[in-house]
Amino acid sequence: MAAALCCGLLDYKTEKFALTRNRRVGLLHRLLQLAVLGYLLGWVLVVRRGYQDTDAAPHVSVITKMKGVSVTRSKDASSRLWDVVDYASPPQGENVVFLVTNFIATAKQAQGTCPESPSVLDGMCTEDVDCPVGNPVVHGNGIKTGKCVMFNATHSTCEIYGWCPVENNTLPRKPLLAEAENFTLFIKNTVNFTKFNFSKGNTLQTNDSTYFKSCTYDPFFNPSCPVFRIGDVVEAAGETFGDLALLGGSISIRIEWNCDLDQPSARCQPQYSFILVDRRYNFRTASYYWDSQRRPYRSLMKLYGIRFDISVHGQAGKFSIIPAAVSFGTGIAFFGAATVVCDLVLLYLDTQADFYWKEKFEEAKPPKGKTEAAADPQWADQDIRNAQ
């Protein structure tokens, strides 16, 4: 037993090539080779550019500017001019900018006592005991004074101490800044792939000082212009401006850089996509002032608008010997795997698997001496065939 084990450990196996006339296995072999070749050429080399070293973490810079002017008119026929300082927050932003499209104004509020709004459930009452002194109104506008007073002819509410009159909650039927559809958003973006010491911006290099004042982004006719019309952005996100401007919303602007640095740098251009994230967005702000008697007042604004979130993603690739060698080695391994699969089919699944097994695996022995050959019928038959 030990002797047989030692002999087995000292055996040497070498490959034997056998040509088989099996069309099914031959066809399978060629199909597998074509699949591997298509994968390497199409996916690894062309699509994934497996011969390149990559940098998928660029340093980015984003600067935004909004342009446009609008005029709104209130119920008392007074008008107000809105420019970028009024409707954009911040006026010169980075990767987030907010555009006012609608608002509810509550003018000349002063600190004092007044009835709570009937729209606040905790402020409703029928008598004074429903309004405990000192309790804040839940989701309301002030502190209860202990009195139940008439808000109007049909509703009675708790009297509160707060900014009076309470906030107006009547929403306009149409967005007050409808002209914002034609406002423009300028996005200046620069990416720096530090691994390759390569920087690129999305602004066109031109000597025409009026170019950015007259161009508007179009994905087909003007893809190099970084000035975006607000109405076009909303439409590209799958929404109509009038519907989104009424109650506000949030839009994601995604800038994608996919740069092949083996090609001229002019081919490294950003791709823009626009996604509607939310259909409601608003917040409150106030401006404070004092009258001639130094009494404080404020004008409360509930602003509805569109929030633009700008994100930048990118990847750059450049030829490198190590990724190229890895891709080449992977291709050789896949070609070898195709042969292994065909061998398994031939030796285990084919109807003549036993025949192919005997032809592929053969034990080779050196010729024996004449005495041993004569005693061994197998070698005797071999000698007879050789003599013939």
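Here are some notes:
- Criterion (open to solvent by less than 20 Å² (accessible area, probe 1.4 Å) and of a type in the set (A, V, I, L, M)) met by exactly one of L176, L121, L171, L185: L185
- Residue in the stretch 222-238 that is polar (S, T, N, Q) and part of a strand (DSSP E or B) present: yes
- Yes/no for A236 being in contact with a strand residue (DSSP E or B) (Cβ under 9 Å, 6 or more places away or on another chain), of a type outside the set (K, R) and open to solvent by less than 40 Å² (accessible area, probe 1.4 Å): no
- Residue count for the stretch 157-166 satisfying the condition of being open to solvent by 40 Å² or more (accessible area, probe 1.4 Å) and either assigned to a loop (DSSP other than H, G, I, E, B) or without any contact (Cβ under 8 Å) to a residue 12 or more places away in the chain (or both): 1.
- Within the stretch 264-314, the set of residues being open to solvent by less than 80 Å² (accessible area, probe 1.4 Å) and touching a helix residue (DSSP H, G or I) at 6+ places or on another chain (Cβ under 7 Å) comprises F274, Y304, I306.
- Residue count, the stretch 105-156 (criterion: within 25 Å of K302 (Cβ to Cβ) and either of a type in the set (D, E, K, R) or in a helix (DSSP H, G or I) (or both)): 6
- Scope the stretch 19-48; condition open to solvent by 60 Å² or more (accessible area, probe 1.4 Å), within 22 Å of S327 (Cβ to Cβ), modelled with pLDDT of 70 or more and of a type outside the set (A, V, I, L, M, F, W, C); matching residues: Y39
- Looking at G369, G317, G329, just one residue is loosely packed, with under 11 Cβ neighbours inside 10 Å, under 40 Å from the mean Cα position of the chain (by Cα) and modelled with pLDDT under 90, and that residue is G329.
- Taken over the stretch 271-296, the criterion of being among the charged types (D, E, K, R) and closer than 27 Å to T240 by Cβ is satisfied by D278, R279, R280, R284.
- Just one of the listed residues (L246, L300, L185, L276) is closer than 30 Å to K108 by Cβ, in a strand (DSSP E or B) and touching a residue at least 12 places away in the same chain (Cβ under 8 Å), namely L300.
- When the stretch 204-222 is filtered for residues that are more than 20 Å from the chain's Cα centre (by Cα), open to solvent by 30 Å² or more (accessible area, probe 1.4 Å) and not aromatic (F, W, Y), the ones remaining, listed by number, are L204, Q205, T206, N207, D208, S209, T210, K213, S214, T216, D218, N222.
The values are calculated or read from the model by the stated rules, or taken from the named source; none is laboratory data. Since we're looking at a predicted model, the values are computed, not measured. Virtual Cβ from ideal backbone geometry, glycine too; neighbours counted across all protein chains shown. Heads up: the accessible areas ignore ligands, DNA and RNA and are worked out on the full protein's heavy atoms, side chains in. Shrake-Rupley method; radii C 1.70, N 1.55, O 1.52, S 1.80 Å.
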